[in-house]
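All of the numbers you see were taken from the coordinates with simple rules; none came from a lab. All values derive from a computational prediction rather than experimental measurement. Positions of Cβ are generated from backbone atoms using ideal geometry, with glycine treated the same way; all protein chains shown enter the neighbour counts.
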Amino acid sequence: MNPTTVARSLFLALAVGLALVLQTSVLPHLAWHGVGPDVVLVVVVAAGLARGAHVGMVLGFGAGLLLDLAPPADHVAGRWALALMLVGYVAGRVRQDAPAGVAGSLAAVAACSFLGTSVFALTGLVLQDQAATVPELLQVVLVGVVWDLALAPFVLPSVAWVLTRLQPEGLRPAPVAR
Amino acid sequence: MSGPGRGRRLPLMSARDYGRAPREDREPGRPSRALVVALLLACASLMVLDGSGGALDPARRVVGEAVGPAQAAADGMIRPVVGLSERFETQDHLRGELAALEAENADLRAAVRTAPYDRARLAELEGLTSAATDLGQALVPARVIGVGPSQSFRSTVTIDAGSQSGIRPDLTVLNNDGLVGRVLRVTATTATVLLIVDPDSTVGGRVAASMELGFLKGRGVLGDAGRLDLELVDETVVPRKHDTVVTWGSTDGASPYVAGVPVGEVVSVYSSLRESSQRAVIDPYVDFAALDVVGVVVPSGTRSDRAVVEADGSLR
């Protein structure tokens, strides 16, 4: 494991931790009917878009696990881990299939937000861990997508910028319109 | 005949035997199949472990100990911004908070004493006990520092008091409006509270005017529209609109929900023929969208690292 990988992993772990605190303690003040932005999910998407499916998936699993265990979570653990793992994988694949521009990145965030919250909701239905009905679930999921889209322009460029800065000078990719 | 064919296949076969995908075909950054399977299995086993009991409680506690201080710090930073300017002067602020809590406790006891529940109960017990002192409980003040998002489809919050403040699981949490919920689990400095509007929450309730018993279940509806369903044990009784519902439960604080805490009022009544019971919808007194200062009911004389509001209104 070279120093660049270590530095990047540390940065991503720190970003997820910060995102968790923001999501549970700061942003609920802005929430609309209790639905706020999923900062952790957007960070995972940003990492997936910048670093590919492998990094996205591993980070997604770790971040989801943290979200499952950190207070005030009380759902069956493993649900966010599964959802965010898929999110990280999909975000990483988007990056490989086409170089994502601004519109592409936003579309990826919207798709991943929808996917992540839906998978979380569906596992809840399967495990009988929640009593919400499908229309309620859909309402929450869609409001969540709007929030995450609003958050993405702040999170995606900063995560991508730091990850590029952590790369040795010679190995940086040629600046493309991203 | 089979020689050349086998010769071509062999390298691939052996590569697969070692669990490796042919690397030259793999795009960079794409996870190996083994990793995908491993992570999926990890998710599944987590769900099974957690679904079958409290196997993950130690892990939750460890994460809580680590995250709790960060949440408290973040909450402390954001609080002035969200409009509580009193935070700027800490001492004044704390004094103000204590005064507010004293007032809250006094209000609470006054409200409980004057509730129809108490009048009915006093009549029933014919002065055997003085109910007001029974209902007086020591409170540990706490603030909400973390709120679970609706995306989790659960209604839980984190408060900034934990086992060091004398909090333990199953204690009742209330504020000056009424019942908030109960403590699910604690760390040293934080506690997770299950709100009564959570679909998993069941509270023993009593219609104050008629003393009828029932069960209050959360509906998990989002935002301001948080409602509870009340199902009465005696199906012949029809609760009236605007009836107050209070908790029944223990007075010693041993089981969740101490008795006589106001929960909400009846807003509508349905009779369900199929289930042969009356179902009333309760509007809780507490505004769950704007929870801030709460009190945790603890047995009188509990050791705590912060001031405890005693039953007689004194601070200790």
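Tabulated data for the structure shown
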| item | result |
| --- | --- |
| Where the Cα pairs of region A:62-128 fall when distances are cut into 5 Å bins, in % | 4, 18, 24, 21, 15, 10, 6, 2 |
| Sorted peptide list for B:62-70, B:234-242, criterion being average Cβ within 10 angstrom, highest first | B:62-70, B:234-242 |
| Computed E for B:Ser271/A:Val126 - FRET, C-beta separation, R0 30 angstrom, nearest 0.05 | 0.35 |
| Gain on full stretching of the segment that runs from A:Ala110 to A:Thr5 - 0.36 nm per residue minus C-alpha separation | 35.0 nm |
| Between helix A:39-51 and chain A: long-axis angle, C-alpha atoms, 0 to 90°, nearest 10 | 30 degrees |
| Most fluctuating residue given options A:Ala73, A:Ala107, A:Ala15, as computed from a GNM of chain A linking Cα atoms under 10 Å | A:Ala73 |
| Estimated distance in nm for a label pair at B:Glu102 and B:Ser300, the labels positioned 7 Å out from Cα along Cα-to-Cβ | 1.9 nm |
| Between 0 and 90°, nearest 10: helix A:3-21 axis offset from chain A longest Cα axis | 30 degrees |
| Among A:Pro157, A:Pro37, A:Pro135: highest mean-square fluctuation, GNM of chain A, C-alpha pairs under 10 Å | A:Pro135 |
| Relative counts (whole %) of C-alpha pair distances in region A:3-166, using bins that are 5 Å wide | 2, 10, 19, 24, 22, 14, 7, 3, 1, 0 |
| Local electrostatic count, B:Arg61, Cβ distance below 14 Å [Lys/Arg +1, Asp/Glu -1] | -2 |
| Exercise: per-residue mean of other protein chain Cβ atoms within 10 Å, A:116-127 | 2 |
| Partner chain coverage, peptide A:18-24 - average Cβ within 10 angstrom | 5 |
| Peptide-level mean, for B:36-46, of C-beta atoms on other protein chains within 10 Å | 5 |
| Acute angle (nearest 10 degrees) that the helix A:102-126 long axis makes with the longest principal axis of chain A, alpha-carbon atoms | 40 degrees |
| Most fluctuating residue given options A:Leu138, A:Leu82, A:Leu149, as computed from a GNM of chain A linking Cα atoms under 10 Å | A:Leu138 |
| Taking chain A and dividing mean pair separation by its residue count, relative contact order in percent (alpha carbons under 8 Å, at least six apart) | 24 percent |
| Value at 222 nm in deg cm²/dmol, rounded to 500, when DSSP H runs of n ≥ 4 in chain A each add -39,500 (n - 2.57) | -24500 deg cm²/dmol |
| Residue order, fewest to most beta carbons within 10 Å, for B:Met47, B:Met211 | B:Met211, B:Met47 |
